[in-house]
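Q: This is the structure I want to talk about, given as structure tokens.
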Amino acid sequence: MERPPFCRDPHIDEQEARGLLSLARLLSLAPREALWRAGDRPDLLVRVERGLLRARVVLEDGREYIKEFYWEGDEFLDFHHQLSGQPARYSVEALEPCRLLVFPLASLRGHRLWPAWYQHLVSVQLRIKEEKELLLLTGTPQARYQHFLSHFPDLDARLPDHQVAAYLGITPISLSRIRKRLTRGSPACLASGPD
């Protein structure tokens, strides 16, 4: 097991880092298996050792939006649930066979290293959310897809088109048109368009 990023500090000894990691249980998920569903109260921190998951919202009319993807090395928790006490507003499910380390938050909260770990998680989440929010507000669909490709180049090949589109907030048809323009590669085609 790899140490969490904040535990790489040379002032934290190996025994203490191992003790923290011993609080976790190993969980395997098959594709389509839920880690939690909207309405649950997920009081846990998850570290992805292997596999790919999605956090998704499905509207009453059946439309799906993907809030986030999580893959090897990612650590996440439901911040909204933790801060508000309200049930989860989205589901998290495996897209590939997954191996996860699951930490009960009740066990972590009393550990002396938890505040530093939590601060690290909040910092990472805030950076990601700020970047995505700005991109969704100001970026064209093509700019969003190009950002996705440049920041997550390996992820595009692991996902079906409709899931990439749901993450970008566009339709699969728009994504297909954007890919065609990018494949053609002419400067006129790369200009921002209605897609």
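The values are calculated or read from the model by the stated rules, or taken from the named source; none is laboratory data. Just so it is clear, the structure is predicted and the values come from calculations on it, not from any experiment. When the accessible area is computed, the model is the full protein with side chains, heavy atoms only, and any ligands, DNA or RNA have been set aside. Shrake-Rupley method; radii C 1.70, N 1.55, O 1.52, S 1.80 Å.
Q: Mind ranking ARG127, ARG47 by accessible surface for me, highest first, 1.4 Å probe?
A: Details: ARG127 140, ARG47 10 Å².
These residues rank, largest area first, as ARG127, ARG47.
Q: Leaving ligands, DNA and RNA out of it, rank TRP114, TRP71 by accessible area with a 1.4 Å probe, largest first. Write down the numbers at each step before the final one.
A: Numbers: TRP114 25, TRP71 65 Å².
The residues order as TRP71, TRP114, largest area first.
Q: Where a Cα-Cα gap under 28 Å defines reach, which lysines qualify for LYS180, not counting those fewer than 8 residues away within the same chain?
A: LYS67, LYS132
Q: Quick one: accessible area per residue over the range 75-130, 1.4 Å probe, rounded to a whole number of Å²? Kindly include the intermediate steps, with their values, before the conclusion.
A: Values: 2710 Å² over 56 residues.
Per-residue value: 48 Å².
Q: Further question on the same structure: Which of rounded, prolate, oblate describes the range 31-108, given a ≥ b ≥ c as roots of the alpha-carbon gyration tensor eigenvalues and a/c under 1.5 marking rounded, otherwise prolate only if a/b is larger than b/c? Could the numbers behind the result be given before it?
A: Working: a/c = 2.12, a/b = 1.09, b/c = 1.95.
It is oblate, given that a/c is not under 1.5 and a/b is not larger than b/c.
Q: Rounded to the nearest 500 deg cm²/dmol, what is the calculated helix-only ellipticity per residue at 222 nm for the chain, with -39500 (n - 2.57) per DSSP H run of length n ≥ 4? It would help to have the intermediate numbers written out before the result.
A: On the way: 9 runs with 86 residues, N = 195.
Mean residue ellipticity at 222 nm (helix-derived): -12500 deg cm²/dmol.
Q: Considering all projection directions equally, how large on average is the shadow of the alpha-carbon convex hull of the range 66-180, in square nanometres?
A: Details: hull surface 33.4 nm².
That works out to 8.4 nm².
Q: Keeping all protein chains in position, work out how much accessible area HIS162 exposes to a 1.4 Å probe, and write it in Å² to the nearest 10.
A: 100 Å²
Q: Got a sec? What order do THR171, THR138 fall in by accessible area at 1.4 Å, biggest, i.e. largest, first? Write down the numbers at each step before the final one.
A: On the way: THR171 70, THR138 105 Å².
From most exposed to least exposed: THR138, THR171.
Q: Right, next: Output the Kirkwood hydrodynamic radius of the chain, Cα pairs only, in Å rounded to one decimal.
A: Numbers: mean 1/r = 0.0544 Å⁻¹.
Final number for the Kirkwood radius of the chain is 18.4 Å.
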